[in-house]
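Peer 1: My questions all concern the structure below.
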Amino acid sequence: MTKLSDFANAKLAELEARHLRRTLADTHRTDGIWVNRGNRKLLSFSCNDYLNLTHDARVKQAAIAAIETYGAGAGASRLVTGNCPLSGELEARLAAHKHAEAACLFGSGYLANAGIIPVVAGEGDLLVVDELAHSCLWAGSRLSRAEVLTFRHNDVDHARELLDASRAKYRHALIVTESIFSMDGDAAPVADLAQLACDADSWLMTDDAHGLGVCETDGDGVDLKMGTLSKALASYGGYVCADRAVIDLIKTRARTLVYSTGLPPASAAAALAALDIIEADPDLTVRPLRNALAFTDACGLPRAQSAVVPVLLGDELVALEAQQMLEREGFLAIAIRPPTVPKGTARLRLAFTAQHPEDEIARLAAIVRDRILPLAIQA
Ligand SMILES: Cc1ncc(COP(=O)(O)O)c(C=O)c1O
């Protein structure tokens with residue numbers, strides 16, 4: 001009989017040989033941008049804390065107060081233990097922010113996507129999904145048992161072709177995309193996809209994990225506006241905003257809501273405090289994109305469309321070497337490798353935040369332009 005640990009060791013050795021093994025490195029995020037790793041202090045370009053609110057005193061204080069009032073954990077599923085008042089308050093605020101009738105919180109963004117899609121699509125339905133959609137959108141798609149067709153990244157004409165050829169065979173159809181792509185940082189053509197959904201008697205779902213609080217494009221014509229509390233909102237948890245009946249159905253049927261413990265009160269409180277700041281301080285929310293643009297302009301890369309900028313290197317080993325080079329220069333910029341990104345597109349994924357200092361962005365840009373981009377050309 002094969003021992004499970006022998007199987008695991010063989011698998012790990014195979015991944016190691018292909019430069020695809022991943023390990024966790026203890027890292028102390030000391031404030032919104034600086035981290036301690038080993039005995040080094042590094043400026044992080046690998047956190048999705050786009051507005052640096054995870055360390056904001058108002059956000060932390062709100063989380064502490066919620067623990068004092070409601071305890072550290074939710075106790076059970078919200079349908080069983082009862083709904084923490086902070087969850088209802090946050091849902092109302094998110095719905096208002098996204099100009100929707102109602103919202104539903106989940107334990108994480110991943111759980112949200114794994115739960116929402118199977119509620120609205122099942123056997124006999126069609127999902128038309130952008131090829132670069134996040135892993136959890138695929139997880140939800142597969143769990144739904146609906147037929148899944150993939151359209152080329154951001155190619156509305158291709159999505160239209162697929163729907164024209166297949167729509168009539170299925171009861172309902174749902175188009176699924178990210179509004180800002182997590183690994184490429186580009187924006188989906190949301191308005192065009194909304195028009196397509198309307199033309200093709202279909203619904204549209206967007207995942208705004210990387211747009212909320214930075215560059216939000218999930219506007220009119222989006223039936224399911226999903227997002228996460230874990231990036232600009234500096235907390236943990238997921239949400240979806242939609243018409244009230246849709247949310248009521250999700251609250252009745254989404255397995256990752258019904259069979260999973262509710263969000264810790266501190267997470268809801270922190271997200272509420274962050275949302276207050278986002279809505280009151282537009283000058284803050286423009287800064288991540290402004291910093292990303294300063295970087296792409298200095299490097300000669302395509303202009304940033306969001307806080308996320310990919311530096312495409314292709315080969316996994318080259319991406320790991322680039323990560324190490326930047327670490328020697330005092331920057332944390334993690335190499336992203338398959339299967340997170342398609343084979344042959346390993347990269348550094350840089351996340352720009354409100355507080356990144358201008359001079360450090362310029363120094364990073366010079367290193368990327370002069371020493372890292374040439375590695376991609378040689379590879
Ligand atoms: C596009 C996208 N959707 C969903 C998620 C999952 O969100 P969470 O981290 O809250 O589980 C992520 C997280 O990385 C993401 O990038």
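The values are calculated or read from the model by the stated rules, or taken from the named source; none is laboratory data. If you're wondering where the values come from, they're calculated on a predicted model, not measured in any experiment. Cβ: placed from backbone, ideal geometry, glycine included. Neighbour counts: every protein chain shown. Side chains included, ligands, DNA and RNA excluded: accessible areas come from the protein's heavy atoms. Shrake-Rupley method; radii C 1.70, N 1.55, O 1.52, S 1.80 Å.
Peer 1: Go through region 1-24 and give me each residue that's part of a loop (DSSP other than H, G, I, E, B) and open to solvent by 50 Å² or more (accessible area, probe 1.4 Å). Give the steps one after another, and end with the answer.
Peer 2: We begin by selecting, within region 1-24, every residue part of a loop (DSSP other than H, G, I, E, B); these are 1-3, 18-24.
Those that are part of a loop (DSSP other than H, G, I, E, B) and open to solvent by 50 Å² or more (accessible area, probe 1.4 Å): MET1, THR2, LYS3, ARG18, HIS19, ARG21, ARG22, THR23, LEU24.
Peer 1: Against the conditions (1) touching a residue at least 24 places away in the same chain (Cβ under 8 Å); (2) away from the ligand (no atom under 16 Å from the Cβ); (3) surrounded by fewer than 18 Cβ atoms within 10 Å (Cβ to Cβ), where does GLY82 fall short? Just the number, please.
Peer 2: (1)
Peer 1: Collect the residues in region 175-197 that are away from the ligand (no atom under 16 Å from the Cβ) and buried (at least 18 other Cβ atoms within 10 Å of the Cβ), keeping them in residue-number order.
Peer 2: If we filter region 175-197 for residues that are away from the ligand (no atom under 16 Å from the Cβ), which is where we start, we get 189, 191-192, 194-197.
Within region 175-197, ALA194, LEU196, ALA197 qualify.
Peer 1: For region 312-378, please list each of the helices (runs of 4 or more DSSP H) lying entirely inside it that holds at least 2 residues being open to solvent by less than 20 Å² (accessible area, probe 1.4 Å) and at pLDDT 95 or above. If you could, list the steps in order and put the result at the bottom.
Peer 2: Numbers: elements: 316-328, 358-367, 373-378.
By residue number, 316-328, 358-367.
Peer 1: Give me the residue from region 147-174 that is without any contact (Cβ under 8 Å) to a residue 12 or more places away in the chain and not aliphatic (A, V, I, L, M) and, out of that set, nearest to the ligand (Cβ to nearest atom).
Peer 2: Here the residue is ASP155.
Peer 1: Moving on to the next point. Does ALA307 count as in contact with a Phe, Trp or Tyr (Cβ under 7 Å, 6 or more places away or on another chain), small (Gly, Ala, Ser) and under 30 Å from VAL59 (Cβ atoms)?
Peer 2: Numbers: in contact with a Phe, Trp or Tyr (Cβ under 7 Å, 6 or more places away or on another chain): yes; small (Gly, Ala, Ser): yes; under 30 Å from VAL59 (Cβ atoms): yes.
Yes: the conditions hold for ALA307.
Peer 1: I'd like the residue in region 131-148 that is over 13 Å from THR340 (Cα atoms) and charged (D, E, K, R) and, out of all such residues, is least open to solvent (accessible area, probe 1.4 Å).
Peer 2: Selected residue: GLU147.
Peer 1: Is it true that ALA95 is open to solvent by less than 10 Å² (accessible area, probe 1.4 Å), within 21 Å of VAL214 (Cα to Cα) and within 15 Å of the chain's Cα centre (by Cα)?
Peer 2: Values: open to solvent by less than 10 Å² (accessible area, probe 1.4 Å): yes; within 21 Å of VAL214 (Cα to Cα): yes; within 15 Å of the chain's Cα centre (by Cα): no.
For ALA95, the condition - open to solvent by less than 10 Å² (accessible area, probe 1.4 Å), within 21 Å of VAL214 (Cα to Cα) and within 15 Å of the chain's Cα centre (by Cα) - is not met.
Peer 1: When both residues are 6+ apart or on different chains and their Cβ atoms are under 9 Å apart, which pairs have a first residue that lies in region 37-61 and is more than 19 Å from LEU332 (Cβ to Cβ) and open to solvent by 10 Å² or more (accessible area, probe 1.4 Å), and a second that is polar (S, T, N, Q) and assigned to a helix (DSSP H, G or I)?
Peer 2: Qualifying pairs under 9 Å: LYS60/THR54.
Peer 1: Of all residues being basic (Lys, Arg) and within 16 Å of the ligand (Cβ to nearest atom) in region 220-254, which is farthest from ASP192 (Cα to Cα)? Just the residue, please. Write out each step before concluding.
Peer 2: Step one: filter region 220-254 for residues basic (Lys, Arg), giving 225, 231, 244, 251, 253.
Among the residues that remain, those that are also within 16 Å of the ligand (Cβ to nearest atom) are: 225, 231.
Values: LYS225: 16, LYS231: 26 Å.
So, considering only residues that are basic (Lys, Arg) and within 16 Å of the ligand (Cβ to nearest atom), the one farthest from ASP192 (Cα to Cα) is LYS231.
Peer 1: Got at least one residue in region 285-303 being more than 30 Å from THR345 (Cα to Cα), out of contact with any Lys or Arg (no Cβ under 9 Å at 6 or more places or on another chain) and of a type in the set (Val, Ile, Thr)?
Peer 2: Kept after step one, since they are more than 30 Å from THR345 (Cα to Cα), are these residues of region 285-303: none.
No, region 285-303 contains no residue that is more than 30 Å from THR345 (Cα to Cα), out of contact with any Lys or Arg (no Cβ under 9 Å at 6 or more places or on another chain) and of a type in the set (Val, Ile, Thr).
Peer 1: In this structure, is HIS28 at pLDDT below 95, open to solvent by 50 Å² or more (accessible area, probe 1.4 Å) and assigned to a strand (DSSP E or B)?
Peer 2: Working: at pLDDT below 95: yes; open to solvent by 50 Å² or more (accessible area, probe 1.4 Å): yes; assigned to a strand (DSSP E or B): yes.
Spelling it out, HIS28 is indeed at pLDDT below 95, open to solvent by 50 Å² or more (accessible area, probe 1.4 Å) and assigned to a strand (DSSP E or B).
Peer 1: Would you call ALA274 more than 16 Å from LEU43 (Cα to Cα), touching a residue at least 60 places away in the same chain (Cβ under 8 Å) and in contact with an Asp or Glu (Cβ under 8 Å, 6 or more places away or on another chain)?
Peer 2: Values: more than 16 Å from LEU43 (Cα to Cα): yes; touching a residue at least 60 places away in the same chain (Cβ under 8 Å): yes; in contact with an Asp or Glu (Cβ under 8 Å, 6 or more places away or on another chain): yes.
Yes.
Peer 1: Just wondering, is there one or more residues in region 64-79 that are farther than 27 Å from LYS251 by Cβ, at pLDDT below 95 and of a type in the set (Asp, Glu)?
Peer 2: Step one: filter region 64-79 for residues farther than 27 Å from LYS251 by Cβ, giving 64, 68.
Applying the additional criterion that residues be at pLDDT below 95 yields none.
Scanning region 64-79 turns up no residue that is farther than 27 Å from LYS251 by Cβ, at pLDDT below 95 and of a type in the set (Asp, Glu).
Peer 1: So how many residues does region 176-194 have that are within 20 Å of LEU163 (Cβ to Cβ) and in a strand (DSSP E or B)? Quick ask: steps written out before the conclusion?
Peer 2: In the first step, residues of region 176-194 are kept if they are within 20 Å of LEU163 (Cβ to Cβ); the result is 176-179, 188-194.
Filter again for in a strand (DSSP E or B), leaving 176-178.
Of the residues in region 176-194, 3 are within 20 Å of LEU163 (Cβ to Cβ) and in a strand (DSSP E or B).
Peer 1: Which one is nearest to ALA121 (Cα to Cα) among residues in region 198-216 that are away from the ligand (no atom under 14 Å from the Cβ) and open to solvent by 50 Å² or more (accessible area, probe 1.4 Å)?
Peer 2: By that ranking, first place goes to TRP203.
Peer 1: Mind counting the residues in region 217-261 that are surrounded by fewer than 18 Cβ atoms within 10 Å (Cβ to Cβ) and in contact (Cβ under 8 Å) with a residue 24 or more places away in the chain? Spell out the reasoning first.
Peer 2: Taking region 217-261 as the starting set, the residues that turn out to be surrounded by fewer than 18 Cβ atoms within 10 Å (Cβ to Cβ) are 217, 219-221, 243-245, 248-249, 252-253, 255, 258-259, 261.
Pick out the ones that are also in contact (Cβ under 8 Å) with a residue 24 or more places away in the chain and you get 217, 219-221, 243-244, 248-249, 253, 255, 258-259, 261.
Within region 217-261, residues that are surrounded by fewer than 18 Cβ atoms within 10 Å (Cβ to Cβ) and in contact (Cβ under 8 Å) with a residue 24 or more places away in the chain number 13.
Peer 1: I've got another one for you. Does region 104-125 hold any residues that are away from the ligand (no atom under 15 Å from the Cβ) and crowded, with 24+ Cβ neighbours inside 10 Å, and which are they? Please lay out each step first, then the result.
Peer 2: The initial filter retains those residues of region 104-125 that are away from the ligand (no atom under 15 Å from the Cβ), namely 118-125.
Correct list: ALA121 only.
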